[in-house]
Structures are given as C-alpha cells and as structure tokens.
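Worksheet for the structure shown next.
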Amino acid sequence: FDDNLARAQGYLARFREDGVLNHIGGQAVPAVSGAVFESISPVDGQVLARVARSGAEDVDAAARAAKAAFADWRAMPGAERHKLLHKIADAITARADEIALVESMDTGQAIRFMAKAAIRGAENFRFYADKAPEAQDGKTLRNDAQINMTSRRPIGPVGVITPWNTPFMLSTWKIAPALAAGCTVVHKPAEFSPLTARLLVEIAEEAGLPKGVWNLVNGMGEDAGRALTEHPAIKAIAFVGEGRTGSMIMAQGAATLKRVHFELGGKNPVIVFDDADIDRAVDAATFMIYSLNGERCTSSSRLLVQDSIYDTVTARVAEVANRIKVGHPLDPETVVGPLIHPVHEKKVLSFFDTARAEGATIAAGGEKVGDTGCYVRPTLFTQARNDMAIAQQEIFGPVLTAIPFRDEAEALEIANDVEYGLAAYLWTNDLGRALRMTDGLEAGMIWVNSENVRHLPTPFGGVKNSGIGRDGGDWSFDFYMETVNVCLPT
Ligand code: NAD
C-alpha cells in the first residue's frame, strides 16, 4: 500500500502543478476563457487538479482541428493505421502502472481492478488495430443486369462523450474503433474523473498519432458537452452515460442531424433458479455488484431468487457482503473503494432511507463508513418487491436488491418490469428453461451460468432505455462509417 501511494503521489504531482489542459490540434492548451474547475479525490476530498473548463469556443477549435486532420487520416492505408494503433496499445501497456494508480485516485476504484482496466484499454486498441485493414470492406451484390459493390467510409470527425465510471477503459472502447474506422475525434470526458483521458491522448500522440486526429476538451456537460453535440463539423456522437443526458443529446443534435450511439443505464437482473449451481451463482452475483464499487452499467443490481432457495441464497450473499474489504483504493486488499464523488455518495445513501421507508429489510450494509471520503458498506436489501424504487432505479453503487419469485413466468415478468434492458444473468442447469428464459428476457446481453465475461467481437449494448445501437466487433464500424453502394450495369 505505501509503495502504491508513493508512486501515485509521484504520478499525480504533474496534475497538481499543471492542472488538466485541453488538447487541440496537438497542443496542450487551457480554456480560452482561462476558466477551470477542481477535480477532487473521493479518497479524502483533496483537490487533485484544476481542470480546463471549456466553452463553445474551445469546442469549436477542437472540432476545426478534427476536421482539418480528417482528410489525411482517412487516406492513411488501413495497414498503417493497424501499426499505429498497435503502437498506442504498446505505449498504454508501458504506462499501465501510472494509468491504474491515477485512475484509482481519481475515481476511488480499487487498484486490483484498475490494473486490469488499464490492460484492457490496451487490448481494445489491439483488437481494433487488427480490424483497421478490413474496416472499409463491403459486399458484392449481383443480379442479371448489375453488379453492386458496397464499401464503407469513415463518417467524419466524431464526438465521444464519456461518463465517470472506469473512464480510461471506456474511452479506449469508444475511441479505438473510431480511429480504426478513419474518423478523427473530439473527446469530452466526465467532469468527475478527467485525469486519465489526458494521459491517453498524450500517449497516443507520443506513439505517433498525427496532431489533430484526437482532440480533448474538458468541461461541464451543459456547456462543453452541449457545444460538441451542436457543432456542425461533428458528424456523430458516441455517448455513454445516463438516459436523461441521452435524451438531451438527441434534442441538442437534432438541428445538425447528428447520428447518435447511446450506451445508457441498467437495472440488470440476475435470476437464480433452484436447480442452479448456487455456489457459482452467489459468487458471480456478488462479484457483479460489489466489484468496481457497483459503479458499472452491467452490474447485477437486482437478485431474483426462486422462493424455495431465497433464504439460503440471500443469507450467503449477506455473508459475502459483510466480509468484503472496504478501504483505500490503493490497498491491494481493498475490493470496495470510495464512491466517485460526495454528490453521488449522497444519492446512494439516500436509497438506504428509501429502502426503510418502502418496507424492505437491510440484510447487510446500509451505512456510510468513516467520516472522511465517500465510503459506503456493500449492501443487500431483502424482502423487496419489484415496484419499489430500490428495484426500479439505477443506484450505481455496491447495493443489491433481492426479490423472490415462484416460477419461470414470474421470474420473466419481474425481470422485464423495468425501464432498462442492458444485461441479464441467468442461473439454471435446465437447458430448456435457459432457452425459454433467454427468448423472453428484454436485455441486449444475456449471460447464462456466467458473470459478465466480454468477448470483444460480440455486440455490446442495451434495449429499451439502456441504449441505442451496438458496439464491439464490426458493430462499432457500422456506427462510425457510412456504407456506399456503387452500381455497374453488366
Ligand atoms: P452523465 O449522463 O451524467 O454524464 C455522462 C457524460 O455526459 C459526461 O461527460 C457529462 O459531462 C456529459 N453531459 C452531461 N450533460 C450533457 C449535455 N447536456 N450534453 C452533452 N453532454 C453532456 O452520466 P454519468 O453520471 O457520468 O455516468 C453514469 C451513467 O453512465 C450511469 O447511468 C451508467 O449506467 C451509464 N453507463 C452506461 C454504460 C453502458 O455501456 N451502457 C457504461 C458506463 C456507464
């Protein structure tokens, strides 16, 4: 721990001294107005950095830089983009220690998970580096009178707007395919966790990415974010965040007919039938809600358990929750670190009162830990009904709501009775039941007898209010590219 802390302080010193600048056309620059905001650490509320608070003029400069760089970047052969993106992946790996420690201090996420998130960021670049040479591929469609040839071309400069949870990994997941497709980028990271986005753009340029291909604009959603979604040079917005922000972005982008891709919230069920492997199910359900502080869109936030095993399963989950180490994110033993920010902590804590008022039982946790920092105990609500706010609203913390069900029909009814439809987890050893249930579940991604294990070529995204569009594999190129048809009469 001491060693981690000393290295983290070393890496953070530059941010304390220089702040977090924008990056426009290859230059690190402050906001034109000179305005800044403070980014604080959830560990102790200390100011980590003063961050450029950009306005429409900064976004305009970044969008112009992205537009100016687009012609050369799209013309670069896929094989060269492949090499360059691999270099970025190598450079991320070389600085993984710095990325992980800075991210832990900025977000409160435990270092044991952030070390992996940094490496996963490099994997995202490698995956899309390998796909870059085929990004423009299309189909040949023939009939008696014509040969039609389709191909794809990059849509143009794009805006990428990211949330505060696992910001490094998520940014790579959105930006790597944009670059592989031949798009240039303006990135607006979340105001609660802006540090590693700055590292990422620097790493990319040091690895050889031409200036202007990737621009960074910091600031608030309602000014910098808004200006990006309204800018005429920006052809598409890839957004990850809350549903109500997605609605605003759609409205803001309407005048310029923006293409949008939304990855939004979830209230994901994990459904455990009495024929399931209970040990594995408990293990996976607790991992999916109590790792990453529960601040993850695919967290298993509703535990639906068949009534015959409800008491056994919830007792086991409570036991796990009570054992989990809550502590400083740089302690290698820590599983749950502080929540991102006092504002978010207040929201999570308010659900403890809501649970009591709604008549649920707090079977584990339900309280703040200590006086300093945004620490809360891993929490389990039992005896809940699906119409309670604790079962309907995304809490986005280490808080699990357990609801009993009788049979398949009731499990499906409860699982689907939310506005969201991102992920679902199903535990049963009955194949017929697994097929019936997966057919009926309203979710973009369903894992059977497994926690969330990502295979990068598979589609990622949600149905209902959990999003619009898919990424992963080739799906990301569908968003970042236009398909063009050329017809030749024969
Ligand atoms: P948020 O919607 O508050 O903010 C996300 C980003 O949007 C930030 O960069 C913010 O500055 C910006 N923004 C805010 N208002 C804007 C506006 N009017 N115009 C343009 N940009 C604006 O979300 P958050 O609280 O940072 O993140 C948590 C949410 O993200 C949760 O709902 C979570 O489920 C969701 N999320 C979804 C996925 C997924 O893949 N489905 C992944 C991670 C997080």
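The values are calculated or read from the model by the stated rules, or taken from the named source; none is laboratory data. Quantities reported herein were computed from a predicted structural model and do not represent experimental measurements. Don't worry about glycine lacking a Cβ; one is built from the backbone with ideal geometry, like all the others, and counts go over all protein chains shown.
Miscellaneous remarks
- Applying the set (1) closer than 20 Å to Arg126 by Cβ; (2) touching a residue at least 40 places away in the same chain (Cβ under 8 Å) to Pro157 leaves exactly one unmet item: (1).
- Within the range 231-246, the residues that satisfy the criterion of being within 9 Å of the ligand (Cβ to nearest atom) and either acidic (Asp, Glu) or more than 14 Å from Phe479 (Cβ to Cβ) (or both) are Gly241, Glu242, Gly243, Arg244, Thr245, Gly246.
Let's see how each residue does on (1) of a type in the set (A, V, I, L, M); (2) within 13 Å of the ligand (Cβ to nearest atom):
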| residue | (1), (2) |
| --- | --- |
| Gly444 | no, yes |
| Arg454 | no, yes |
| Ser466 | no, yes |
| Gly469 | no, yes |
| Gly472 | no, yes |
| Ser476 | no, yes |
| Phe479 | no, no |
| Val484 | yes, no |
| Thr490 | no, no |
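- Being in contact with an Asp or Glu (Cβ under 8 Å, 6 or more places away or on another chain) and modelled with pLDDT under 95 is a property that Ala89 lacks.
- When the strands (runs of 3 or more DSSP E) confined to the range 193-263 are screened for residues that are charged (D, E, K, R) and surrounded by fewer than 23 Cβ atoms within 10 Å (Cβ to Cβ), those reaching at least 1 such residues are found at 259-263.
- Among the candidates Phe127, Phe168, residue that is within 16 Å of the ligand (Cβ to nearest atom) and under 22 Å from the mean Cα position of the chain (by Cα): Phe168
- Among the residues of the range 44-59, those that are part of a helix (DSSP H, G or I) and either without any contact (Cβ under 8 Å) to a residue 24 or more places away in the chain or within 26 Å of the chain's Cα centre (by Cα) (or both) comprise Ala56, Asp58, Val59.
- Residue match in the range 441-456 (condition: assigned to a helix (DSSP H, G or I) and closer than 16 Å to Ala276 by Cα): no
- When the residues of the range 286-307 are filtered to those that are surrounded by fewer than 23 Cβ atoms within 10 Å (Cβ to Cβ) and more than 16 Å from the ligand (Cβ to nearest atom), the one that is nearest to Glu242 (Cα to Cα) is Phe287.
- The set of residues in the range 262-285 that are more than 30 Å from Ser247 (Cα to Cα) and small (Gly, Ala, Ser) comprises Ala276, Ala281, Ala284, Ala285.
- Residue in the range 90-100 that is in contact with a Pro (Cβ under 7 Å, 6 or more places away or on another chain), of a type in the set (A, V, I, L, M) and assigned to a helix (DSSP H, G or I) present: no
- Among the residues of the range 224-244, not a single one is on the phi > 0 side of the Ramachandran plot, out of contact with any strand residue (DSSP E or B) (no Cβ under 6 Å at 6 or more places or on another chain) and hydrophobic (A, V, I, L, M, F, W, C).
- Matching strands (runs of 3 or more DSSP E) fully within the range 361-419 where at least 3 residues are over 25 Å from the mean Cα position of the chain (by Cα) and either of a type outside the set (A, V, I, L, M, F, W, C) or at pLDDT 95 or above (or both): 361-364, 399-405
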